[in-house]
Amino acid sequence: MAFLVSHETWGTIDSTAPDLGCGRSWDTVHRARPAAPLSCRECQHTMVPVRSPRGLRFFRHAPRAPRCSLSGGESIDHHLLKLELSHAARAAGYHAEYEVAAPDRSWRADVMATSADGTQRMALEAQLSPITPEDVQHRTNRYVQDGVGVCWFGLRPRPWVGTVPSILLDFGHGMSAWSVSAGIARMTKLDQNSSFQQWVPVEDVSLTDAVAWMLTGRMRPHRPQSLAKSVLDQQSRQWPSSWIGQDSHGWDVWWTTSSHIESDIKQHNEYREQVHLVMLRAESPMRAFRARTKIERISMLEKLVLKQFNNNATRSLSDFQIRLDPNYADGLAFYGYRWDGHGTMRDMKPFVVVCPDILGHGGQYWANDVPVAFPVTYRDRLKNINNVWLFDLEKGSIWPIEPRKSVTATALASWKAVTPADSSSPDTP
């Protein structure tokens, strides 16, 4: 069975095209008298036009044909799938041609989809018969070496599915019934309170849309990089049954959009950074703080903060302690003496915490009443946090992010929090 043959005069004829691809009608070759001069493009044997009971138009070899890859071995389902793939490519504005071979015969595409300008090509492979993962990877590599994209389409999970760009389909009796059952995924949070994103299947996608998305670059094959290396059903939290069969235990690559690829890479990089920070924290907490905040000039930060939050109750820098405090999300806490107005004892309490590790951990919430300070470059990430100060080490300035109308009033409010409430305090000079 074949969809393409050679005509002695008209050139290549495509049985799936309304005009046979050469401006002719089907009746000019089907049951024509005398018989149309048609031959196989591979073995040059005579070909006979056929219309199936379901209306499928194709060509088959005349009797006594030599051994030829187009003379048999392909099921009707395989040919129907190739037909549907070509229709989907043409619907996306691409030219589709069957059984296109490389110049050196190193590959032959079931359907070759080519962009209108001829610059983009993708092989659409209908793979319904068994094939080893090694063979399908080898054939995929051949396409890649020649700058040709490729996607393999199947009807059920097999060992090779997911090792290369793959799509599994639900087989329908009509062209409109073909739909994607596995192979397209997106990233989302399975739990709204979680900061971790997981891959989930994209459902209700027609084959026509899937082919259009991959040809136009709306989605690309992606091998996950982060800890999320599986696709989970949102209800069962396990691999979806349509993705996994008895012969397959997981996918290594699937189709998704650029934005989800970026999310995966970002999550992967954040995880690596967290692991790096944990190792640094065990070695040197201050080095970990510098790596996390990108603040190298701690001495300049120290002078800036102490100058802003200093008060008359503090006689010298020895009255201050500066340390990374896990009680304040590993922020750099600036401690000073604070008197509660009773007795003669003074308590060492924090009056500001610089860069606590609270961003990106589900809500940006600061549960303490101690002011926090962040570099000015963090401004857009602090919308949900109250009592925030910004600082700019280059300009040597620090100011409250809210309210903007009165820096002095806000500064005074912060000073009162660390200034003895009673001037009769024994610690007052």
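The values are calculated or read from the model by the stated rules, or taken from the named source; none is laboratory data. Just so we're clear, the structure is a prediction, and the values are computed from it rather than from any experiment. Cβ atoms come from the backbone with ideal geometry, glycine included; neighbour counts cover every protein chain shown.
A compact table of results
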quantity: Residue under evaluation Thr119, criteria (1) within 25 Å of Gly162 (Cβ to Cβ); (2) surrounded by fewer than 16 Cβ atoms within 10 Å (Cβ to Cβ), criterion not met; calculated: (1)
quantity: Single match in Gln225, Gln198 (criterion: within 13 Å of the chain's Cα centre (by Cα), touching a residue at least 24 places away in the same chain (Cβ under 8 Å) and crowded, with 19+ Cβ neighbours inside 10 Å); calculated: Gln198
quantity: Unique match (being hydrophobic (A, V, I, L, M, F, W, C), under 17 Å from Leu124 (Cα atoms) and in contact with a Phe, Trp or Tyr (Cβ under 7 Å, 6 or more places away or on another chain)) among Val180, Val211, Val164; calculated: Val164
quantity: Of all residues in the range 139-177 being assigned to a helix (DSSP H, G or I) and in contact (Cβ under 8 Å) with a residue 40 or more places away in the chain, the one that is farthest from Arg105 (Cα to Cα); calculated: Met175
quantity: Only listed residue being within 24 Å of Val148 (Cβ to Cβ), surrounded by 18 or more Cβ atoms within 10 Å (Cβ to Cβ) and outside the structural domain of Thr140 (by TED's automatic domain parsing), chosen from Ala2, Ala96; calculated: Ala2
quantity: All positions within the range 255-284 that are crowded, with 17+ Cβ neighbours inside 10 Å and assigned to a helix (DSSP H, G or I); calculated: His260, Ile261, Ser263, Asp264, Gln267, Leu277, Leu280, Arg281
quantity: Output for the range 56-80, where each listed residue is at pLDDT 80 or above and of a type in the set (Asp, Glu); calculated: none
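For (1) within 33 Å of the chain's Cα centre (by Cα); (2) among the hydrophobic types (A, V, I, L, M, F, W, C), each residue gets a yes or a no:
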{"site": "Cys68", "(1), (2)": "no, yes"}
{"site": "Leu85", "(1), (2)": "yes, yes"}
{"site": "Ala91", "(1), (2)": "yes, yes"}
{"site": "Glu97", "(1), (2)": "yes, no"}
{"site": "Ser106", "(1), (2)": "yes, no"}
